[in-house]
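What follows is a single structure, written as structure tokens, with notes after it.
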Amino acid sequence: MEPEYWKDRWGRGDTGWNQEQPTPLMLKHWPALGLPPGSRVFVPLAGKSRDMAWLAAQGHRVLGVELSELAIEQFFVESGLEPRVESSRYGRHYSAGGIELIHGDAFGLDGDVLRDCAAVFDRAALIALPPPLRRRYANGLYRSLPAGCRGLLLTIEYPQDQKEGPPFSVQEEEVRALLSSDWAVDLLERRDVPASGPEAGDGLQMQTVAYRLQRR
């Protein structure tokens, strides 16, 4: 799970996790967070997700971080936007249309760059990481988000011994163990994934799970 693994997959176009449309569970549950327009939303391991364009269309300011510069460039081209590019200690910042994407390492971010994030949307970050990195991710990035931050977290559950990740299976017990010391965690929905879906594999029983988060 080194950075080159993800860069190589983007370079080969091996990005089965990428969706051409906004995530249905986000469309359903995001309004319940009650964020006012203008709120800044953090999207970790952002890729070129169309979820970011949807969030910006709701009047939010989006901050994403992504290892692959190719994914960032493709996102702005496909969005019809010409980004302004600046550099900081976190990496290169591409900004346009209310969306700022940092070409850098999510583990290199801290409370300074995240201090005004009112929410986090995590669809493909936690489940992209193997267990040791999930603990580091929760103790680092999630703990750096400010008090009062709200969140929508989407995970996948399946028998891990029947499929190699990523995406990895992250059970509810682990979500609570990782986050409950700093966040209120509410289970919103558990939904079966069709066995023939692109993420499911050959007949694999899989569920996607949505959680609402509130930073203490």
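Just so you know, all these numbers are worked out from the coordinates, no wet-lab data involved. Everything numeric here is computed off the predicted structure, so don't read it as measured data. Methodologically, a virtual Cβ is constructed for each residue, glycine included, from the backbone with ideal geometry; neighbour enumeration extends over all protein chains shown.
Computed from backbone phi, the HN-Hα couplings of the stretch 133-144 come to 6, 4, 5, 4, 4, 5, 6, x, 5, 5, 6, 7 Hz, rounded to whole numbers (Karplus: 6.51 cos²θ - 1.76 cosθ + 1.60, θ = phi - 60°; Gly and Pro given as x).
What's the local net charge at residue 147, with K and R +1, D and E -1, over the other residues with C-beta under 13 Å away?
+3
When Rg and the Kirkwood radius Rh are both evaluated on Cα atoms of the chain, their ratio Rg/Rh stands at 0.93. A simple count of charges around residue 50, restricted to other residues whose Cβ falls under 9 Å of its Cβ and scoring Lys, Arg +1 and Asp, Glu -1, yields -2.
Phi-derived couplings, Karplus 6.51 cos²θ - 1.76 cosθ + 1.60 at θ = phi - 60°, listed residue by residue for the stretch 46-57: 6, x, 10, 4, 6, 4, 5, 5, 5, 4, 5, 5 Hz, with x used for Gly and Pro. If both residues of a DSSP beta bridge must be in the chain, then about 65% of such bridges are antiparallel.
With only Cα atoms counted, the stretch 86-191 has Rg and Dmax values of 14.9, 44 Å. The residues 93, 60, when put in order of fewest to most other Cβ atoms within 10 Å, stand as 93, 60. For the stretch 76-86, 3J(HN,Hα) computed residue by residue from phi via the Karplus equation (6.51, -1.76, 1.60; θ = phi - 60°) reads 5, 4, 5, 8, x, 10, 10, x, 7, 10, 9 Hz, glycine and proline entered as x.
Would you mind ranking 28, 48, 163 by Cβ crowding within 10 Å, fewest neighbours first? Don't skip to the end; give the middle numbers.
Values: 28 14, 48 24, 163 17.
With the fewest neighbours first, 28, 48, 163 line up as 28, 163, 48.
Residues whose amide H comes within less than 5 Å of that of residue 100, counting only those at least five positions distant or on another chain, are 62, 63, 64 (H built at 1.01 Å from N in the peptide plane). Spin-label model, residue 188/residue 74: points 7 Å from Cα along the beta carbon direction are separated by 2.6 nm.
Ranked by Cβ crowding within 10 angstrom, fewest neighbours first, how are 137, 90 ordered? Before the final figure, lay out the partial values.
Working: 137 21, 90 17.
Result, fewest neighbours first: 90, 137.
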